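Q: Please see the structure below; I have some questions.
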Amino acid sequence: MPDTTPFPAAHNRRDPWQDRPDAYVEYQLRTDAEADVLCRLLGLFAQLQLLPEALHMERLHDDLHISLHLPGISLHRAGVLAQKLRGLVCVWEVTWQHLDHGLVTEVA
């Protein structure tokens, strides 16, 4: 008889430096238009136990333009994650902004 025990619910890793869990970060990436790019990006988030709230991807010629929304991370952690994204071979450009109740802090 197969095991019917449900998997535990997915949850985001708590960021101890985040004092506003309702804030989120929006990343804008420009990458090579290759089939494995999304796997590489999402693999990086999975290693950190982070689950993007929204993801939008559009192919324009030889580039992919990707937008990711990630809730509940601090400015420090968002910056570290941006550096890790920039370190991927297929990523050409990363910009991000921290959004909090209409207060926008833009960081490049």
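The values are calculated or read from the model by the stated rules, or taken from the named source; none is laboratory data. These numbers were taken from a predicted model, which means no experiment stands behind them. Positions of Cβ are backbone-derived with ideal geometry, glycine not excepted, and every protein chain shown enters the neighbour counts. All accessible areas refer to the heavy atoms of the entire protein, side chains included, with ligands and DNA or RNA removed. Shrake-Rupley method; radii C 1.70, N 1.55, O 1.52, S 1.80 Å.
Conditions tested, residue by residue: (1) open to solvent by less than 40 Å² (accessible area, probe 1.4 Å); (2) not basic (Lys, Arg).
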| position | (1), (2) |
| --- | --- |
| 30 | no, no |
| 34 | no, yes |
| 43 | yes, yes |
| 46 | no, yes |
| 49 | no, yes |
| 55 | no, yes |
| 62 | no, yes |
| 67 | yes, yes |
| 74 | yes, yes |
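Q: Additional query: Are any residues in region 76-91 exposed (fewer than 14 other Cβ atoms within 10 Å of the Cβ) and more than 14 Å from residue 28 (Cα to Cα), and if so, which ones?
A: Scanning region 76-91 gives 76, 80, 87, 89.
Q: Note down all Cβ pairs under 7 Å where the first residue falls in region 19-35 and is under 15 Å from residue 51 (Cα atoms), the second is at pLDDT below 75 and surrounded by 12 or more Cβ atoms within 10 Å (Cβ to Cβ), and they're at least six residues apart or on different chains.
A: 23/100
Q: Here's something else I'd like to know. If you check residue 15 against the conditions, is it modelled with pLDDT of 65 or more and either farther than 24 Å from residue 60 by Cα or loosely packed, with under 14 Cβ neighbours inside 10 Å (or both)?
A: Numbers: modelled with pLDDT of 65 or more: no; either farther than 24 Å from residue 60 by Cα or loosely packed, with under 14 Cβ neighbours inside 10 Å (or both): yes.
Spelling it out, it is not the case that residue 15 is modelled with pLDDT of 65 or more and either farther than 24 Å from residue 60 by Cα or loosely packed, with under 14 Cβ neighbours inside 10 Å (or both).
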